[in-house]
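Just below is one structure, and these are the notes that go with it.
The values are calculated or read from the model by the stated rules, or taken from the named source; none is laboratory data. Here the structure is a predicted model, which is why all the values come from computation and not from measurement. Here the Cβ is made from the backbone with ideal geometry for all residues, glycine too, and neighbour counts use every protein chain on show. The area values use the complete protein model at the heavy-atom level, side chains included, leaving out ligands, DNA and RNA. Shrake-Rupley method; radii C 1.70, N 1.55, O 1.52, S 1.80 Å.
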Amino acid sequence: MPITSQRRTTLIAAACLVVCATASVQALRRVDQLRPRATLEDVLYINSPKVVKRASLGYDGLMACIYWTRAVQYFGQRFHDRSLSYNELAPLLEMTTQLDPHLVVAYQFGASFLAPQPPFGAGQPERAIQLMEFGVQNNPQEWHLYYDLGFVYYMDLKDYAKAAEAFERGSHVVGSHPFLKIMAAQMAQHAGEFDTARMMWTATYQSSQDKLVRQNAVEHLRALKVDEDVTNLQSTVTRFGQQTGRLPVSMSELVAAEKWPGIPADPDGNPYTMDRDGHILLKHPEDFSFATQGLPPGFKPVAKFHDQ
Amino acid sequence: MSARVIHIASNTFREAVRDRVLYNLIAFALLLSGAAILVGQISIEIERLVVINLGLTAVSLFGIVIAIFIGIGLVSKEIEKRTLYTVLSRPVRRWEFIVGKFFGLAGTLVVNTFFMAIGVFGALLYVAHKLTSSDAMILIALYFIVLEFLIICALALLFSSFSTPLLSAVFAFSLFVIGSFAEDLRGFAGMAHGLTRWLATGAAYAVPNFSAFNVINLVAHGQAPSGQLILQNTLYALFYAGMALSGAVLIFERRNLK
């Protein structure tokens, strides 16, 4: 069957379209390889919230969502790459909250992105405090924000007086959770570090419905258990040394001396081990991202989340 | 309203539908469903906010683009096709033609907004799994958007009654942008002195204040605009649209169509 002129044109045009589309994608990928990635990620093209607010023609709520998503993506990428610098995180969060001062989630998550030390966060607790204070100023009825503010003061700055003050302020908000009053009292007394930390992470777990927040709380609770266990075991080793004049040669010897029913185990059920210098160690330290005790020398923690 | 105005309005509506204006609903549906699915994966806890903000912003922007691009051609197209002479040779007054066109375009936008609103609520139901009483506030935001459309339609018709389609589009779009900055203009007037103050104040009242209609972020957070705001915005939109429409009628009545 002879091909008509129109059909021939259609076929040639369709082929050209496919070839050109494929070639343009390939060309763009080469361009992407040539451009340094860092410059794309590190630049905040507009860093004035006022300019963005005006340029959005009144649709600033949508712009805030876009900037919040950008902040989450920025943090996620840096966190994944185990980056030690989060230069644009605070400006992105500040831009987001200036555009929509009632976007409570940006304060809550933003503080937990900013405050922890790298690689788990930006290591900027002061910027986190600024962000939270701005949040409290604009949303005085959100008791969660006072809780998060106190949390940063306690966990990252170890400023018990400020933490107590934040919890106290939050406890006056109508409908606030009763544990804020208890927290304020705990902070004021400076009581049991492990108990207080456990209480705070438990409260975080119970008061949030977000999967990531709950997973993060679970990881911290697991790590707290390890830290407490290792601290106690280490004390036992020290006491053994004081009584016998030497270190125990193994965990079994320590267990026998203390008349324990078995070797104490971490939250995963793996028995703790001991090196020749009497240091208590985790069998699988990589399973406890936030543990600060029981880690072999030079071990670098990797973020890992377990089921709740 | 006279039967002739209703006829012109229904013809305008039919023409818009024939021009495949409602095809924008497909783009809207794709945008919204894509956002609803994607945002949950790339962001944290803002699925509902994004659906409301993006949905209502899209309703507003799609509608404004339609209002401008159809509105500017409503008169000029009739003149170009010479159908206007056929219409006006019948017992139809020029003002009836303008008012009919206005209602036809406004009707098209209301229908368009109605379908988009269904899309917004559908997407909201998808991401939140339920609708709450605070979601009813979205209806107020949609109502304000429709009020915005009335003003834009009237302005597009006003410019269309004396200018070319291209210039009308430029004028209408510029007024939309300036109207979004009306609050700033008023702030500027407050800071100025003497004649500048009078001119800036005059300009701030002359341009439509679109920022007064934007309650999208407010309703996204479940807060209700006050009853007074609803009433005053309604009155403002009706008076402003009435003013622009009257201007269009005045110009069109005197326009030499030969």
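For (1) open to solvent by 70 Å² or more (accessible area, probe 1.4 Å); (2) under 16 Å from the mean Cα position of the chain (by Cα), each residue gets a yes or a no:
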position	(1), (2)
B:166	yes, no
B:192	no, no
B:219	no, no
B:231	yes, no
B:234	no, yes
B:238	yes, yes
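Check off (1) part of a loop (DSSP other than H, G, I, E, B); (2) open to solvent by 30 Å² or more (accessible area, probe 1.4 Å) for residue A:176 and give me the number that stays unchecked.
Single failed check for residue A:176: (2).
Based on this model, can you work out whether residue A:219 counts as outside any loop (DSSP other than H, G, I, E, B), among the charged types (D, E, K, R) and open to solvent by 40 Å² or more (accessible area, probe 1.4 Å)?
For residue A:219, the condition - outside any loop (DSSP other than H, G, I, E, B), among the charged types (D, E, K, R) and open to solvent by 40 Å² or more (accessible area, probe 1.4 Å) - is not met.
In segment A:265-299, which residue that is modelled with pLDDT of 85 or more and β-branched (Val, Ile, Thr) is least open to solvent (accessible area, probe 1.4 Å)?
The selected residue is A:280.
For segment B:168-176, does any single residue satisfy the condition of being out of contact with any Leu (no Cβ under 9 Å at 6 or more places or on another chain), modelled with pLDDT of 85 or more, of a type in the set (Ser, Thr, Tyr) and open to solvent by less than 30 Å² (accessible area, probe 1.4 Å)?
No, segment B:168-176 contains no residue that is out of contact with any Leu (no Cβ under 9 Å at 6 or more places or on another chain), modelled with pLDDT of 85 or more, of a type in the set (Ser, Thr, Tyr) and open to solvent by less than 30 Å² (accessible area, probe 1.4 Å).
I'm checking my understanding of the structure. Among residues of segment A:67-81 that are surrounded by fewer than 20 Cβ atoms within 10 Å (Cβ to Cβ) and within 14 Å of chain B (Cβ to nearest Cβ), which one is nearest to residue B:215 (Cα to Cα)? Break it down stepwise before answering.
Pass one, segment A:67-81, residues surrounded by fewer than 20 Cβ atoms within 10 Å (Cβ to Cβ): A:69-70, A:73, A:76-77, A:79-81.
Filter again for within 14 Å of chain B (Cβ to nearest Cβ), leaving A:69-70, A:73, A:76-77, A:79-80.
Numbers: A:69: 22, A:70: 24, A:73: 28, A:76: 32, A:77: 34, A:79: 36, A:80: 38 Å.
Taking the candidates together, the pick is A:69.
Just need a number here: residues in segment A:82-140 that are open to solvent by 10 Å² or more (accessible area, probe 1.4 Å) and aromatic (Phe, Trp, Tyr).
4
Only one residue in B:162, B:171 is under 25 Å from residue B:246 (Cα atoms) and not in a helix (DSSP H, G or I), so which one is that?
B:162
Which residue is farthest from residue A:56 (Cα to Cα), if the candidates are limited to segment B:16-38 and must be within 13 Å of chain A (Cβ to nearest Cβ) and open to solvent by less than 20 Å² (accessible area, probe 1.4 Å)?
The first filter runs over segment B:16-38 and keeps only residues within 13 Å of chain A (Cβ to nearest Cβ), leaving B:31-32, B:35-36, B:38.
Checking which are open to solvent by less than 20 Å² (accessible area, probe 1.4 Å) leaves us with B:32, B:35-36.
Numbers: B:32: 19, B:35: 19, B:36: 21 Å.
Here the residue is B:36.
Out of the residues in segment A:182-212 meeting the condition of being modelled with pLDDT of 75 or more and among the aliphatic types (A, V, I, L, M), tell me which one is surrounded by the most Cβ atoms within 10 Å (Cβ to Cβ).
The selected residue is A:183.
Inspect segment B:195-216 for any residue being more than 23 Å from the chain's Cα centre (by Cα) and outside any helix (DSSP H, G or I) and give the result as yes or no.
No, there is no match, as no residue in segment B:195-216 is more than 23 Å from the chain's Cα centre (by Cα) and outside any helix (DSSP H, G or I).
Based on this model, can you work out whether residue A:302 counts as more than 18 Å from residue A:231 (Cβ to Cβ), hydrophobic (A, V, I, L, M, F, W, C) and at pLDDT 85 or above? Don't jump to the end; show me each part of the working.
Numbers: more than 18 Å from residue A:231 (Cβ to Cβ): yes; hydrophobic (A, V, I, L, M, F, W, C): yes; at pLDDT 85 or above: no.
So residue A:302 does not fit the description; no.
Is it true that residue B:56 is surrounded by 15 or more Cβ atoms within 10 Å (Cβ to Cβ) and in contact with a Cys (Cβ under 9 Å, 6 or more places away or on another chain)?
It is false that residue B:56 is surrounded by 15 or more Cβ atoms within 10 Å (Cβ to Cβ) and in contact with a Cys (Cβ under 9 Å, 6 or more places away or on another chain).
Could you check how many residues of segment B:120-162 are aromatic (Phe, Trp, Tyr), at pLDDT 90 or above and in contact with a helix residue (DSSP H, G or I) (Cβ under 7 Å, 6 or more places away or on another chain)?
Step one: filter segment B:120-162 for residues aromatic (Phe, Trp, Tyr), giving B:121, B:126, B:143-144, B:149, B:159, B:162.
With at pLDDT 90 or above added as a condition, the list becomes B:121, B:143-144, B:149, B:159.
With the extra rule that they be in contact with a helix residue (DSSP H, G or I) (Cβ under 7 Å, 6 or more places away or on another chain), the set shrinks to B:144, B:149, B:159.
Qualifying residue count for the region: 3.
Which numbered condition in (1) surrounded by 21 or more Cβ atoms within 10 Å (Cβ to Cβ); (2) within 27 Å of residue B:124 (Cβ to Cβ); (3) more than 14 Å from chain A (Cβ to nearest Cβ) is the only one that residue B:71 fails?
If we test residue B:71 against (1) surrounded by 21 or more Cβ atoms within 10 Å (Cβ to Cβ); (2) within 27 Å of residue B:124 (Cβ to Cβ); (3) more than 14 Å from chain A (Cβ to nearest Cβ), just (2) comes out false.
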